[in-house]
There are 4 protein chains.
Amino acid sequence: MSFKINDNDQRNLHQLAELVRRLNQTGHNPATSGNYSHRSDENKDFAFVSESGIDKGLFSENNFIPLNIHTKETHDFYTGRKSSDETDVHLAILQATTANCVLHSHMLEALWFADLFKGKSFATVSSIELLKGFKGVTTHDVEIQIPIFPNTQDIALLGENMKPVLNLDPHCFGVLLSGHGIYVWGNTVAEAKRHLEVFEYLFKYYLNKKV
Amino acid sequence: MSFKINDNDQRNLHQLAELVRRLNQTGHNPATSGNYSHRSDENKDFAFVSESGIDKGLFSENNFIPLNIHTKETHDFYTGRKSSDETDVHLAILQATTANCVLHSHMLEALWFADLFKGKSFATVSSIELLKGFKGVTTHDVEIQIPIFPNTQDIALLGENMKPVLNLDPHCFGVLLSGHGIYVWGNTVAEAKRHLEVFEYLFKYYLNKKV
Amino acid sequence: MSFKINDNDQRNLHQLAELVRRLNQTGHNPATSGNYSHRSDENKDFAFVSESGIDKGLFSENNFIPLNIHTKETHDFYTGRKSSDETDVHLAILQATTANCVLHSHMLEALWFADLFKGKSFATVSSIELLKGFKGVTTHDVEIQIPIFPNTQDIALLGENMKPVLNLDPHCFGVLLSGHGIYVWGNTVAEAKRHLEVFEYLFKYYLNKKV
Amino acid sequence: MSFKINDNDQRNLHQLAELVRRLNQTGHNPATSGNYSHRSDENKDFAFVSESGIDKGLFSENNFIPLNIHTKETHDFYTGRKSSDETDVHLAILQATTANCVLHSHMLEALWFADLFKGKSFATVSSIELLKGFKGVTTHDVEIQIPIFPNTQDIALLGENMKPVLNLDPHCFGVLLSGHGIYVWGNTVAEAKRHLEVFEYLFKYYLNKKV
């Protein structure tokens, strides 16, 4: 297997690694948690997935491992290194959607927010101006459905189960995992970051509103 | 149409862009939200309004677009670039008041605080020493009325509706938008920043007081 | 009147100005609020008091004005500049105690905590290990009395009224002002900072404890 | 007594001092509180314990004092300097476990969390994905027992009392002290930091969950 990285790939991974380090300062990936991926621009069958067990305050573009999205095959160069335990969820999202960038955050707001919908398959958010931060949303007067999955250690099965719901709501770019966190995606690093900021803001709004 | 920028304009835009980036670190403009303007010193019929869709952590003085406050006309040089979706509210404030600088924050405290006054046209704050941070206020022993508007996507109409209330209370330098945020103004960048800090502090005080 | 500054004075003012800027990042002095003083090492009848109206994020050692602690007389050099509106409280503390450094914080925790003792003249704190951060305290098993004053704009009278209570509890290095903030002192900048950190921690503990 | 420091020791102390300064920015060691130790790589009978009374925002690798873990003997070079008041707890943990690095945090979350289990000898945490940040934990589906001790100024006795419980739960790497804080350990600075981040996250989760 041969694998090449082009200039766009380098720029994307540099930008994503910088985002990962910044997210570390605001509680998104404590204790080496959190994982991240970006589809390759050079070869659309491949994606770069973050390496397992790295302190995200020290994460760099060298901590990505290129994988075939369908076979998980990687280049010999990476033998002995391991992509995130949750690689299968990243690959499921990259297979089922047109997104190029996937972020997984452990932010506590995602856990508390999912708890509010215990026993339900979807959480809803609506009526807040910042919803317009989601791609394609042009008014606060919408309701968006966010799928919720129970936590599991069977990541391959989780990925398969997620696929059918990922495109149900054209304005939803995230999936909640109870007691675990949220997966968020976008076409670029900047768009995925913007979507993550919208989710964080909405969750905080609902968790702390007074009336 | 010709348009010139003088040294004061350059200094004001530099200072305002720096403030925008700093506000990004404390939750005022997530997900490319928030917008900002400053009246031109060289030509009082013009104002610089922030460009649409910029990540506010990356905002610079080059992200302002000069507009005629009355006609919204701009220089050919800016063809193809778009000022904030909420330009009409900025222009309404610049038309109806003597303020030179307008800040729009999406801080969650503004949303939660406005929620406390659901169905009312004004929120009130009083009795806190930091009220003296508002221009002209010399004692904590005052009550200030902050207008509240329901959120809307009809920004032109919103701007028109705001004009009559902007000068009602001589000590109020802000307008709340339910589920959306707050507009704050002052004669200079520093004064607008000071007024924004007073609002943020007051909202936090009321939202979290114990008795 | 002549006035000299020695090396210790320069070092103390440099250190205090640095602390003022850092406190600005954590909510102690928003909207140009907060004021600070240090007794002169060269001339014990004098103190350096912070200038009025400065954005505390931009505060430097040049923003202190030397004043005679008893007469408020200053050097001609400072004509036209104004020390803090609350200078009289600083001078009262410097007259009545042996402290050399006085910090005035508007942290919201001080307001919410004082609210818990509405109508009382003293608040109490006890049983927390960090109480040992107060000078002379060697066990968590103590109770400390913090005086509370109602807010007022008559600062000269407030200063006079404070003097009799400043030394009542040998382990208390602060006075609360309802709806306003807290005054904290220590023999050095480092000690005053340490005492302020203890107060902030204790207030947060009491305000958010669950049982 | 002679004492040598090797390259690993230097690297560990440098890394630990950097962590101490960073923990200062997030409320773990206000008002000179908090203390830290690392076992010597050169001589396993020795450990480096943080010096008493240092502002942790200014802490450096020069603020560690090497001590014999069993006799507390130190080198003449350190005569007149004093290791932390809580040295005996550090030595107890280094004697009773195989950990090399011990962190003591005063984070308020540890106090509030311990309060939830008033009168009990153990607190429990379970079912959260981030539990996998503890060494050896491979699923969220576990329950971990954290010992709780009442606060005391008899640190020697506290250390002795702690020893029997330090290895009870193979997945627990911390001990709570009511009204005081938490001791956390790991085989390396990085592992102890990771464990501390897990505790902080879990405490916040439980303290603020909505249902």
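FYI, it's all coordinate maths here, none of it is from the lab. Note that the structure is predicted; figures quoted are calculated from it, not measured. FYI the Cβ positions are ideal-geometry reconstructions off the backbone, even for glycines, and counts take in every protein chain you see.
Some notes on this structure:
- Nm distances between copies for A:Asn167, ranked from closest, using label points 7 Å along Cα→Cβ: 5.7, 5.7, 8.1
- If a spin label sat at a point 7 angstrom from the Cα of B:Lys82 along the line to its beta carbon, no backbone N atom of the stretch A:193-209 would be nearer than 13 Å.
- Computed from the alpha carbon atoms alone, the convex hull of the stretch A:60-99 holds 83 Å³ per residue.
- The mean number of partner chain beta-carbon atoms within 10 angstrom of a residue's beta-carbon across peptide D:34-47 is 0.
- Paramagnetic reach from D:Glu18 (point 7 Å along Cα→Cβ, amide N under 12 Å) across the stretch D:190-205: D:190
- Put simply, the amide H of B:Asn35, placed in the peptide plane, has neighbours under 5 Å in B:His104, leaving out anything fewer than 5 places away on its chain.
- Average projected area [Cα convex hull, the stretch D:25-91], square nanometres: 4.7
- q = 0.12, 0.13, 0.21 Å⁻¹: log10 I(q)/I(0) that the Debye formula gives for the stretch C:99-200, counting C-alpha atoms only: -0.36, -0.42, -1.16
- Between the residues C:Thr124, C:Leu202, C:Gly181, the greatest Cα displacement towards the positive end of the dipole of the stretch C:118-211, with unit charges on the Cβ of Lys, Arg, Asp and Glu, is found for C:Leu202.
- Peptide A:24-32 shows a mean partner chain C-beta count of 5 within 10 Å per residue C-beta.
- Taking 7 Å steps out from each Cα toward its Cβ at A:Ser60 and D:Ser127 produces label points 4.2 nm apart.
- Over 20 Å (Cα to Cα) - which of B:Lys120/D:Lys209; B:Lys4/B:Lys193; C:Lys120/C:Lys163; B:Lys135/C:Lys56; A:Lys132/A:Lys210 fall in this group: B:Lys120/D:Lys209; B:Lys4/B:Lys193; A:Lys132/A:Lys210
- At 7 Å out from Cα toward Cβ: D:Lys120 inter-copy label distances (nm, ascending): 3.0, 3.0, 4.2
- Cα-based radius of gyration of the protein assembly as shown once divided by 2.2 N^0.38 Å, which approximates compact folds: 1.01
- Shortest-first distances to equivalent copies, position B:Glu18, nm, label 7 Å out along Cβ: 2.1, 2.1, 3.0
- Computed 3J(HN,Hα) for the stretch D:183-200, one whole-Hz value per residue from the Karplus formula 6.51 cos²θ - 1.76 cosθ + 1.60 where θ = phi - 60°, is 9, 10, 9, x, 6, 9, 4, 4, 5, 5, 4, 4, 5, 4, 5, 5, 4, 4, glycine and proline marked x.
- Three-way shape call for the stretch B:63-137 based on the alpha-carbon gyration tensor, with the a/c threshold at 1.5: prolate
- Viscosity 1.306 mPa s, 10 °C: Kirkwood-radius Stokes-Einstein D of the stretch B:159-199 over Cα pairs, µm²/s: 145
- Remark: chain B carries a charge dipole of roughly 460 debye about the Cα centre, counting +1 on each Lys and Arg Cβ and -1 on each Asp and Glu Cβ.
- Pairs of Cα atoms farther than 18 Å apart, the stretch B:1-62, %: 35
- With respect to chain D, whose longest principal axis is taken over its alpha-carbon atoms, helix D:7-24 is tilted by about 50°.
- Between D:Ile155 and A:Lys118, the C-beta separation translates, for a Förster distance of 35 Å, into a calculated FRET efficiency of about 0.20.
- Taking max minus min of the alpha-carbon positions on each principal axis, chain B gives extents of 56, 34, 33 Å, largest first.
- The listed peptides A:150-156, B:20-26, B:195-201, ordered by packing as a protection proxy, come out as B:195-201, B:20-26, A:150-156 (highest mean of other Cβ atoms within 10 Å first).
- Peptide ranges B:182-192, D:53-63 listed from the most packed, as the mean C-beta count within 10 angstrom indicates: B:182-192, D:53-63
- FRET efficiency estimate (nearest 0.05) - Cβ-Cβ, B:Asp7 to D:Lys210, R0 51 angstrom: 0.45
- Relative contact order %, the stretch B:38-102, counting alpha carbon pairs below 8 Å whose residues are six or more apart: 34
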